[in-house]
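What follows is a set of notes on a single structure, which appears directly below.
The values are calculated or read from the model by the stated rules, or taken from the named source; none is laboratory data. Worth saying up front: this structure is predicted, and the values here are computed from it rather than measured. Quick reminder, even Gly has a Cβ in these numbers, built from the backbone with ideal geometry, and neighbours come from all protein chains shown.
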Number of protein chains: 2
Amino acid sequence: MNIKDIAKLAGVGVSTVSRVLNNHPDVKASTREKVLKIVEESNYIPNSSARILKQNNTKNIGILVKGMFNPFFSEMVNTIGCKINESGYTMILKQSYIEDYKDIDVLKAFINDKRLQGVICLGGNFIDINEQYIKDIEVPIVLTSVNNYNEEFTDGYSCISIDNRKAAYEATEFLLKNGHENIALMVADSYSKEGLNERRLDGFKQALKKYNIEFDECNLLEGHYRSDISYTKTKELLQRYENITAIFATSDIMAIGCAKAIVDSGKEIGKNICLIGFDGMDISEFYNPPISTIKQPKELMSNSSIELLLDLMNNKSEHKHIVLDTELIVRESCKIRIK
Amino acid sequence: MNIKDIAKLAGVGVSTVSRVLNNHPDVKASTREKVLKIVEESNYIPNSSARILKQNNTKNIGILVKGMFNPFFSEMVNTIGCKINESGYTMILKQSYIEDYKDIDVLKAFINDKRLQGVICLGGNFIDINEQYIKDIEVPIVLTSVNNYNEEFTDGYSCISIDNRKAAYEATEFLLKNGHENIALMVADSYSKEGLNERRLDGFKQALKKYNIEFDECNLLEGHYRSDISYTKTKELLQRYENITAIFATSDIMAIGCAKAIVDSGKEIGKNICLIGFDGMDISEFYNPPISTIKQPKELMSNSSIELLLDLMNNKSEHKHIVLDTELIVRESCKIRIK
């Protein structure tokens, strides 16, 4: 009994069986159940050691991650890593840090040191990227969900992102339409005056402006992508300002901290205080009550990034700049209208 | 203003400032606040690009991860990755899959292909490891939180783990002492007849036996480390069996799915049904209500692994087999006694 037999018995492709065995999320629940049942019944023991030992893999794809502490990125690394493995390449993962300010220099050193055939950058600031730099680099680069790139020069590299400003605008407008006027915003950090956080803050401010509500610095919190910090900051805020009726947190990890702080302040989520997160992580769906969120197309973003990179490496594609859609998912955490 | 000035102003070491900037969890909240305040006030822009470009890093440490889909491992990868970076090495991350059955063969190929100076394996089955294998490998190996190793031959490699059987026994005994007799167990998968899951299942069964309660196969669920699957399975179970009063899930990710299923079945967590998870993830603490869990010493396990590996690489240590303690943290999800 081998993986092909399993696939035949289940009436699916070998790659589907592989995805199920690898616990890859991109499989229908019913298919997963069916495949696992057959695996179980057949006592199938996967064994590809021989094949693995034959590989002498010197083909490296680099993933440069800025801020892997955000589980959103580590989930993307998983998906991308699966695809890299499937394609016969090896993933070289490098975490980049806030103090590594010039991300383009870190990237260049990474490519040279590791003799990479291609790179995906998750997050980071690439505002300084220019023609000479791209000439020096020589290998294809895909910038995914990065904070910034050079909007004056977009040739010679690819970008895959969402419209952070628009997404934050929509979430804020939803709250405003439901009568909220005192909305707190939790960003990761407000001292970085550029990038993703700034664009989400911008979208928030734009929506307030349209509804003639003044932006109040006191309602701006910093959660540093951590549940515990978000919890403390939200508790303090709710003690100080009785009039807050809604919180918009720019990541689900921070929203969880806000949620618990609302409960511990003796208020009810979705009744006294509405809450919206950002990212579309599982935890927002399974929280009690479920938390509204802006769903990023995480799977699509990951898959598009690696597929595009592989195509670029094989000269099957030109460079592309792709903006993917987000979706505001309204759940019990904002069921109540204020007015 | 550089990182040293920041450290001086904050009255802490440079490495602490670095940890704060990297959002490393291992910093006191008060210290973090202080450092961030100074960074903010000083408009400090971290810049170590020059240093990075000077590095010509050919020193590689490999991390072989079995089942990175579990966020528990990706959090450990983060911590280990930070330490590897700090020590001037590069992390090469390889995800190993269930179908790669012979983990020792994957490991050997990984070491040879990538010319690694040392490896940490997170998860996996190393029951076949033997003297000849260790002779061939030549570089130090640390097996961390793996399912199995060869208990007959423990020379020439290191192990860092917890006692899974004991931890599961303690959680189950806690429920039994509180009068629960119909306890459901959610494991990742019960068809893998060895390793971590089997040991946790063993601990569960041992505790039942001590309290003269028969183990009922019907109360055994498989959540595959996924919240959505755990949710569906728990809902089905609670519909079928009215008498369940407690659920023990062998990972927090699965416990979240159970929690939501309890609520959606019209029951109250901690009142009608008690719930214990496993791992000690943030989400169990910030869930509503907070979920009891078995806290694994995640940070200590990660730090010990990389510190031991570096010591082994520098001939500063012998190989060690370390079993770290776990802690049952009782929270609101199991406040109620049945009898």
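Details
- Within region B:295-337, being in contact with a Lys or Arg (Cβ under 8 Å, 6 or more places away or on another chain) and among the acidic types (Asp, Glu) holds for B:GLU307, B:GLU327.
- Within region B:234-251, being without any contact (Cβ under 8 Å) to a residue 40 or more places away in the chain and part of a helix (DSSP H, G or I) holds for B:LYS235, B:GLU236, B:LEU238, B:GLN239, B:ARG240.
- Complete set of residues in region A:252-266 that are part of a loop (DSSP other than H, G, I, E, B) and out of contact with any helix residue (DSSP H, G or I) (no Cβ under 7 Å at 6 or more places or on another chain): A:GLY266
- Looking at region A:75-177, the helices (runs of 4 or more DSSP H) lying wholly inside it that each contain 2 or more residues that are surrounded by fewer than 19 Cβ atoms within 10 Å (Cβ to Cβ) and within 12 Å of chain B (Cβ to nearest Cβ) sit at A:103-114.
- The listed residues are B:SER265, B:SER230, B:SER251, and the only one of them that is hydroxyl-bearing (Ser, Thr, Tyr) and modelled with pLDDT under 95 turns out to be B:SER251.
- The set of residues from region B:293-330 being without any contact (Cβ under 8 Å) to a residue 60 or more places away in the chain and either touching a strand residue (DSSP E or B) at 6+ places or on another chain (Cβ under 9 Å) or not in a helix (DSSP H, G or I) (or both) comprises B:THR293, B:LYS295, B:LEU300, B:ASN314, B:ASN315, B:LYS316, B:SER317, B:GLU318, B:GLU327, B:ILE329.
- Selected residue (criterion: surrounded by the most Cβ atoms within 10 Å (Cβ to Cβ)) from residues of region B:293-339 that are among the polar types (S, T, N, Q) and under 16 Å from the mean Cα position of the chain (by Cα): B:THR293
- If you go through region A:146-189 and keep only what is touching a Cys at 6+ places or on another chain (Cβ under 7 Å), outside the structural domain of A:CYS218 (by TED's automatic domain parsing) and not aliphatic (A, V, I, L, M), you end up with just A:TYR149.
- Members of region B:266-287 found to be touching a Lys or Arg at 6+ places or on another chain (Cβ under 6 Å) and without any contact (Cβ under 8 Å) to a residue 40 or more places away in the chain, listed by number: B:ILE273, B:PHE286
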